[in-house]
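Structure record follows, encoded as structure tokens.
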Amino acid sequence: MAATNEQLIERARALKPIIAERAPATESARRPLDETIEDLIEAEIMAMLAPRRWGGLESDLPTMFAVVEQISSACISTGWISSFYINHNVYPAKLDIRLQQEVYGPRGFCLMPGANAPTMSAHRVDGGWELSGRASWGSGIMNADWAFVSGRTEEGPYSFMLPASDVSVGDVWHFAGMAGTGSNDIVVDKVFVPEYRAINGIAFGGGRTEGSAQHENPLYSVPVLPLAYCTVVGVLSGGLLGAVDAYEAIVARRVRNYTGAVVKDQQHAHVMLGEFRIAADIAHSLAAQVIDTTTKIIGTRPFTLDDRLALKAKLAFLSRHCRDTVNAVMASAGASSFHLDQPLQRFWRDLNTVCSHAFWDWDATRELVGRHRLGLQPNHPLV
């Protein structure tokens, strides 16, 4: 029997200490650990947004949020990859039914990175496309069975799905933060892609397609960017929660070297821990608002520009809030917290890295919101 939403959340909660224990090894490996991916598959977490028609669970965004937040509070790199694998099971449902059969057929879900930036070169050939190029930021490529890439063509932007056996990995992921994601380059060299594995990029990003019309659930017709925002909010709020948990553990055991003062007995420690707990609660609430607003729109009306900007603004503010808070947490934790065996420094590096993502860039977002208030058109493609 397929897992319920409650069971998915409970399974993520049960995996949390295991994932936390593996976080140092995940970072050292520069990729998700195979045993962690297998644990998440066994828990049915990877199949949670795959269509029921093909054997998936067809869960919902609030459940995804709760699951991703739990995982990210143990290891942000693992939470990031989990969120991508979960979310990207919506992608094939937007394409031709033949592609859906190929992708979902073997086990009801896929493990697929999604590179939306049009960095590939593609031209038409008999029966489809010939594709070459390199896609950066290939989060999920290390355990993938399919790959999603995008490119520019004479007909405009297009996106393509390829079996992982058709691509190679460019080993470039040597990062101070999010090191355990293995977000290496996806390399394609003169690969033939059948027409049914390709889709116009504007149609794909916009929402409803011929493929998504095959499913009654309106989730599969949600535009790509609002869905992406829902995918990552739990990574941010969960990551900050993990950092504050690590800080509290430090406060509980720390004794100052020169004075011998027990930190947990000092008023300043109470004040700072209280501030950071409040900040983590606010992050959770902001993230939940993104999920709630999106869920209420799905299936009732199209996403307007106002909707998209409001969601992007909340996510960008959440990102800034999480980065500012984790930096304050680290500053308060003491020099010993920078030791590489301390979980807090990993949360600090990971949050600072993930909060730099272009999708929720604070400067670009506040400019977009200001322009919109003045009746000006967006000057940025990520809206």
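Just checking, does segment 326-348 include any residue being within 26 Å of Thr26 (Cβ to Cβ), among the polar types (S, T, N, Q), under 16 Å from the mean Cα position of the chain (by Cα) and crowded, with 17+ Cβ neighbours inside 10 Å?
Within segment 326-348, not a single residue is within 26 Å of Thr26 (Cβ to Cβ), among the polar types (S, T, N, Q), under 16 Å from the mean Cα position of the chain (by Cα) and crowded, with 17+ Cβ neighbours inside 10 Å.
Please state which one of Tyr196, Tyr229, Tyr158 is closer than 30 Å to Val326 by Cα, surrounded by 14 or more Cβ atoms within 10 Å (Cβ to Cβ) and not assigned by TED's automatic domain parsing to the domain that holds Trp80.
From the options Tyr196, Tyr229, Tyr158, the qualifying one is Tyr229.
Restricting to segment 113-140, name every residue that is farther than 11 Å from Val167 by Cβ and within 15 Å of the chain's Cα centre (by Cα).
Gly114, Asn116, Trp137, Ser139, Gly140
Just one of the numbered conditions (1) at pLDDT 95 or above; (2) on the phi < 0 side of the Ramachandran plot is not true of Glu154; which one?
Failing condition for Glu154: (1).
In the list Arg152, Arg98, Arg124, which residue meets the criterion of being charged (D, E, K, R) and either outside any strand (DSSP E or B) or touching a Ser or Thr at 6+ places or on another chain (Cβ under 6 Å) (or both)?
Arg98
Note down all Cβ pairs under 6 Å where the first residue falls in segment 163-174 and is assigned to a loop (DSSP other than H, G, I, E, B), the second is basic (Lys, Arg), and they're at least six residues apart or on different chains.
Trp173/Arg30
In segment 127-147, how many are over 17 Å from Phe192 (Cβ atoms) and assigned to a strand (DSSP E or B)?
Final tally of qualifying residues: 2.
For the list (1) modelled with pLDDT of 95 or more; (2) among the hydrophobic types (A, V, I, L, M, F, W, C); (3) over 25 Å from the mean Cα position of the chain (by Cα); (4) buried (at least 16 other Cβ atoms within 10 Å of the Cβ), I need the number of the one condition that Val271 fails.
(4)
Can you name every one of the helices (runs of 4 or more DSSP H) wholly within segment 270-383 that holds 3 or more residues which are without any contact (Cβ under 8 Å) to a residue 40 or more places away in the chain?
So the answer is 305-333, 362-373.
Within segment 235-256, count every residue that is more than 16 Å from Ala328 (Cβ to Cβ) and not hydrophobic (A, V, I, L, M, F, W, C).
Residues meeting the conditions: 5.
Given Thr26, Thr36, which one is surrounded by 22 or more Cβ atoms within 10 Å (Cβ to Cβ), in contact with a Leu (Cβ under 6 Å, 6 or more places away or on another chain), among the hydroxyl-bearing types (Ser, Thr, Tyr) and touching a residue at least 40 places away in the same chain (Cβ under 8 Å)?
The match here is Thr26.
Only one residue in Ile19, Ile9 is under 20 Å from the mean Cα position of the chain (by Cα) and over 28 Å from Ala135 (Cβ atoms). Which one?
Ile9
The values are calculated or read from the model by the stated rules, or taken from the named source; none is laboratory data. All values derive from a computational prediction rather than experimental measurement. Heads up, the Cβs are rebuilt from the backbone with ideal geometry, glycines too, and the neighbour counts pull from every protein chain shown.
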